[in-house]
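J.: This is the structure I have questions about; it appears just below.
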Amino acid sequence: MGATGATGKFVVQQLLEAGKKVKVVVRSTQKLQHLVDQYPNLEQIQGTLLEMSDQELEGHLVECEAVVSCLGHNLTFKGIYGKPRRLVRDTARKVVRAVDAMGPEKKLRYVLMNTTGNANKDENEVYPLKERMIMNVLYALLPPHTDNIQAGEFFRKDIGQDHPQVEWVVVRPDTLIDEEEVKDYEIVSKVRGGAIFVDTKTSRINVANVMSRLVLEKELWDQWKGKMPVVYNK
């Protein structure tokens, strides 16, 4: 999900290059047509997940081992303040509901792209007072920020560590920048110094690399499942 976005497109490409079969849900099938021509393992599903019937979604999930969500809101007035205001959270809820309905034998890993603006209470992260004040204002006034917080909390609190069918990792990049290739990065358990008044950055392609590796590498998955790691460029 979010496969045609600035980060999601890298996730799709990296998974395809690793030989994985990839399904993407997209509004337009044209943006990834160059990959369809190159990789027979790529299947495009036109539409949005929230508009699918539960039965249709279950049909798409039957063969899926993992869901990767790079969903976000368009940075326009309609994208920020229009519906659906809880795109990321409601999509996660719908996927988990579908997995539950498919019965106890269905297992799924969910990798969610989030933000360092979402403090991880499991790690007792406490940001500087000035940042907490700003984040409280953003939570009240900026729906995409609220959506990110609630999506992360859905996994941390509602799904938790003991869901019998769903495992998850919430990946938190810092300030996102564009780079052309994967470079050195680090994955850490806690935010360093804060989320606003710090000079730390994460390239989108590095975030995509972490997310694709979580799908591909069992050891990395086992290290971070049920956690909210932070990704920083070195």
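Residue-wise test of (1) touching a residue at least 40 places away in the same chain (Cβ under 8 Å); (2) over 25 Å from Arg204 (Cβ atoms).
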{"position": "Pro84", "(1), (2)": "no, no"}
{"position": "Arg93", "(1), (2)": "yes, yes"}
{"position": "Arg97", "(1), (2)": "yes, yes"}
{"position": "Asp100", "(1), (2)": "yes, yes"}
{"position": "Gly103", "(1), (2)": "no, yes"}
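J.: So which residues in region 176-219 are at positive phi and out of contact with any Phe, Trp or Tyr (no Cβ under 6 Å at 6 or more places or on another chain), if there are any at all?
T.: The answer is Gly193, and nothing else.
J.: Looking only at region 142-173, how many residues end up being part of a helix (DSSP H, G or I) and either among the small types (Gly, Ala, Ser) or closer than 19 Å to Thr116 by Cβ (or both)?
T.: 15
J.: Could I ask something else about it? Name every residue in region 174-206 that is out of contact with any helix residue (DSSP H, G or I) (no Cβ under 8 Å at 6 or more places or on another chain) and among the β-branched types (Val, Ile, Thr), in order of residue number.
T.: Thr175, Val188, Val191, Val198, Thr200, Thr202 - these are the residues of region 174-206 that are out of contact with any helix residue (DSSP H, G or I) (no Cβ under 8 Å at 6 or more places or on another chain) and among the β-branched types (Val, Ile, Thr).
J.: From the list Gln44, Gln14, Gln30, pick out the single residue that is among the polar types (S, T, N, Q) and part of a helix (DSSP H, G or I).
T.: Exactly one residue qualifies, and that residue is Gln14.
J.: May I ask you to verify whether Val24 is free of Cβ contacts under 8 Å to residues at least 24 places away in the same chain, under 27 Å from Glu153 (Cβ atoms), touching a strand residue (DSSP E or B) at 6+ places or on another chain (Cβ under 6 Å) and crowded, with 18+ Cβ neighbours inside 10 Å?
T.: It is true that Val24 is free of Cβ contacts under 8 Å to residues at least 24 places away in the same chain, under 27 Å from Glu153 (Cβ atoms), touching a strand residue (DSSP E or B) at 6+ places or on another chain (Cβ under 6 Å) and crowded, with 18+ Cβ neighbours inside 10 Å.
J.: Another question, then. Do you know which residues across region 182-219 are in contact (Cβ under 8 Å) with a residue 24 or more places away in the chain, in a helix (DSSP H, G or I) and charged (D, E, K, R)?
T.: Arg204
Every number in this text was worked out from the coordinates using simple rules, so none of it is lab data. Owing to the predicted nature of the structure, the values given are computational and were not obtained by experimental measurement. Because the Cβ atoms are built from the backbone with ideal geometry, glycine has one as well, and the counts that use them run over all protein chains shown.
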